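The numbers here are math on the coordinates, done by the rules we state, and not lab data. What you see is a predicted model, and the numbers here were worked out from it, not measured in a lab. Reconstructed Cβ throughout: ideal geometry from the backbone, glycine too, with neighbour counts over all protein chains shown.
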Amino acid sequence: MVPGARLIVLGKQGAGKGTQCVRLSRHYVIPHISTGDMLRAAVKRGTEIGEEARRYMDAGELVPDEVLVELVHQRLDQDDTKARGFVLDGFPRTVRQADLLDEILPPPGIDLVLNLLVPTSLVMRRLSARRTCADCGANYSLSAPPSIDWTCDICGGEVVQREDDTEAAIKRRLDLYERQTAPLVARYRRKGLLATVRGDAAVDVVTDRLVKAIDGRRQPRAEARP
Ligand code: AMP
């Protein structure tokens, strides 16, 4: 079996992180940990975390770091992530979250941070056309809808526009990305952990680029072993 991996994928909202993380998760047989999906599930279940997170999410604001770190810590503590690794999607999103992640991750830490690069004009177009399954989180778009009447092809749930995919909330989220998350690119570059991959191409092409970046990084390490 292909070896596991411990990956972070960074990129603006609408860069294709969700789609590519699902593909990386299948390719490397590792859990896909999407903090957005986890929070939306908590909102839906009406848990305490969900109630707290909802007002930030609907406004396109970031949920407090402590809530996120607790959520991710619990997930990273499970057997599947310990055995195979993970692909983190939407986390860390702030320098503080990255600091806390360093504290909770056991050695050897992260293998690679992938920075999915897409022009802002393209993500604005993608996000305003995006439609999402309210039940399983699968993404569609106005130009690639589900096959039957906005009913999810995967789980039969209702496919809708996310509360935070309105133009005002999208602008706020992109602005937050520049201020809070973009500094992480420099941080991981300094640590020698960053690979930048252009995301403005067909989905399969972008997946190939990501896999090449990951395998290219692992090759020298594997060869270095006795
Ligand atoms: P996403 O699906 O990744 O775009 O996340 C949707 C929303 O969940 C974000 O706009 C935030 O309100 C919240 N969220 C997800 N991940 C994080 C995070 N790492 N830190 C803070 N808030 C988050």
Query raised in the report: What's the center-to-center distance, using Cα atoms, between segment 51-65 and segment 5-22 in Å?
Result: 20
Query raised in the report: Which are the unpartnered cysteines of the chain, meaning those with no other cysteine Cβ under 4.7 Å from their Cβ?
Result: 21
Query raised in the report: Which of the lysines could a cross-linker bridge to residue 12, judged by Cα under 22 Å and excluding same-chain residues fewer than eight apart?
Result: 171, 191, 212
Query raised in the report: What residues have an amide H closer than 5 Å to that of residue 10, excluding those fewer than 5 places away on the same chain, when H is modeled at 1.01 Å from N in the peptide plane?
Result: 114, 115, 116
Query raised in the report: Once you put a point 7 Å from the Cα of residue 77 and another 7 Å from the Cα of residue 151, both along the Cβ direction, what distance in nm separates them?
Result: 4.1
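Only bridges whose two residues both fall in the chain count here: according to DSSP, what percent of them are antiparallel, nearest 5? Numbers along the way, then the final one.
Numbers: 8 of 25 bridges.
Taking every DSSP beta bridge within the chain, about 30 percent pair in antiparallel fashion.
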**Report entry** Inter-site label distance for residue 26 and residue 121 at 7 Å from Cα along Cβ, in nm
**Finding:** 3.2
Query - Residue among 25, 128, 147 with the largest mean-square fluctuation in a Gaussian network model of the chain, springs linking Cα atoms under 10 Å - result: 147
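What order, most packed first, do the peptides 73-80, 62-69 have when packing is the mean number of other Cβ atoms within 10 Å of each residue? Before the final figure, lay out the partial values.
Details: 73-80: 12.9, 62-69: 17.6.
Top to bottom by mean Cβ count within 10 Å: 62-69, 73-80.
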